[in-house]
Amino acid sequence: EYDVVLVDIMRDAQKAADYLAMNPNGRTPTLLDRSLSPPFAVFESNAILLYLANKFKSPLLPLTPTARSEVEQWLMWQVSALGPMLGQCMYMKRIATCANEVGKLQFS
């Protein structure tokens, strides 16, 4: 059982004291595992994925060291390479009000 809670980042809801108590980075996403006492907070996308895969013994996170390492390598690649580049691309194409020519060329 779970609840999805909207965190209105346009109104800085992630900077509210109750949210910062769960996630000191003040960013989304955050998972609050209320099946534990006291509830346990997990933040950062891949940390949440690993936590859930471990908790529910998912076949998506193998037990053998080599197979598990392959999954973890791809997760680390997503965090360090793909995710940041997609974020920069989205910023340059949708947010930057005065995107420069280098940005336009890099993400075209």
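The values are calculated or read from the model by the stated rules, or taken from the named source; none is laboratory data. None of the values given here were measured: they were computed from a predicted structure. Here the Cβ positions follow ideal geometry from the backbone for every residue, glycine too, while neighbour counts run over all protein chains shown. Each accessible area value is taken on the protein alone, full model and side chains, heavy atoms only, with ligands, DNA and RNA left out. Shrake-Rupley method; radii C 1.70, N 1.55, O 1.52, S 1.80 Å.
Of all accessible surface on the chain at a 1.4 Å probe, what whole percent is carbon and sulfur? Here carbon and sulfur together make up 63 percent of the probe-accessible area.
Summing Cβ point charges (Lys, Arg +1; Asp, Glu -1) relative to the Cα centre of the chain gives a dipole of roughly 180 debye. Around the amide H of ALA41, modelled in the peptide plane, lie the amide H atoms of ASP33, all under 5 Å away and 5 or more residues distant in sequence or on another chain.
Please find the FRET efficiency linking ASP3 to MET85, where r is the Cβ-Cβ separation and R0 is fixed at 35 Å, and quote it to the nearest 0.05. Show your work: numbers first, answer last.
Values: r = 32 Å, r/R0 = 0.92.
The pair ASP3/MET85 has a calculated efficiency of 0.65.
Between GLU72 and LEU60, the distance separating the two model label sites (each 7 Å from Cα on the Cα→Cβ line) works out to 1.8 nm.
So for the chain, averaging the separation of alpha carbon pairs under 8 Å that are six or more residues apart and normalising by length, what relative contact order in percent results? The value is 11 percent. Considering only GLN14, PRO38, VAL71, and ranking their Cα positions along the charge dipole of the chain that arises from unit charges at the beta-carbon of Lys, Arg, Asp and Glu, the one farthest toward the positive end is VAL71. When the surface is traced with a 1.4 Å probe over the full set of protein chains, MET22 keeps roughly 50 Å² accessible. Helical runs (DSSP H, four residues minimum) scored at -39500 (n - 2.57) apiece and divided by the length of the chain put the mean residue ellipticity at 222 nm at -11500 deg cm²/dmol. With a 1.4 Å probe and every protein chain left in place, work out the accessible area per residue of the chain in Å², rounded to a whole number. With all protein chains present, the chain gives 80 Å² per residue. Rounded, prolate or oblate for the range 19-100? Axes are the square roots of the Cα gyration tensor eigenvalues, ordered a ≥ b ≥ c, and the cut-off for rounded is a/c under 1.5. Here the range 19-100 falls in the oblate category.
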